Amino acid sequence: MEPTAAAAAAGNKTANAAGNAGGNAAGKRAPRSSTRRRSREVALQGLYEWLVSGASVATIDSHMREQEDFGKCDSAHFDALLYGCIAEAAEIDAVLSRHVDRKTTMLSPVEHGVLMIGVYELKHCIQIPYRVAINEAVELAKTFGGTDGHKYVNGVLDKAAFELRAVEVEAKRASRG
């Protein structure tokens, strides 16, 4: 059972990507969804449900695990994202409030969920380079968000990365210059 329109869209896009994994007529390979990327997609769907309905995390977790292709995701990363983002929603929103141009309650639920995942990964998943965390959030926004939502997500998370991972960001900038 897929509880949201976003969930249905994700299932279709994942199925299309899987169906094209062998390549297309031009010989280019379609991007494969990694287990960690899939865990982000499912966690985003869960956060969307939580932001829109206010359902309990246990109910949302159950809905997400019922999805046909849940087995294709990194369940430990999914658990960390879903439970972590919901448990730390106030702290994550406090970080976001310093970098967004409106109250976080005024963000679309898709962009809000994507930003929550991005901030959570920047704060807690130090093994994931900050640029990867940002790029994965941008990809989520491109897939599920509004037309230019990915640009907004990129700008906000760039600022948040400078706050949350200043040493890593400075080192990267110094190596370029």
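Subtracting the Cα-Cα distance of residue 169 and residue 151 from their residue separation scaled by 0.36 nm leaves 4.6 nm.
Each part reduced to its alpha carbon centroid, segment 98-164 and segment 33-83 end up 17 Å apart.
Take the convex hull of the alpha carbons in segment 34-113; its mean projected area over all directions comes to 5.2 nm².
Summing charges over all other residues whose Cβ lies under 14 Å from the Cβ of residue 57, with Lys and Arg as +1 and Asp and Glu as -1, gives -3. Once you sort the root eigenvalues of the Cα gyration tensor of segment 134-177 as a ≥ b ≥ c, which label holds: rounded (a/c under 1.5), prolate (a/b larger than b/c) or oblate (the other case)? Here segment 134-177 falls in the prolate category.
You can think of it this way: the chain between residue 34 and residue 159 has 42.4 nm of extra reach, that is 0.36 nm per residue less the Cα-Cα gap.
Between residue 108 and residue 142, the simple spin-label model (points 7 angstrom out along Cα→Cβ) gives 1.6 nm.
Where a number appears in this text, it was derived from the coordinates with a stated rule and is not lab data. Note that the coordinates shown come from a computational prediction; the quantities given were computed from them, not determined experimentally. Ideal geometry is used to build each Cβ from the backbone, glycine not excepted, and the neighbour counts take in all protein chains shown.
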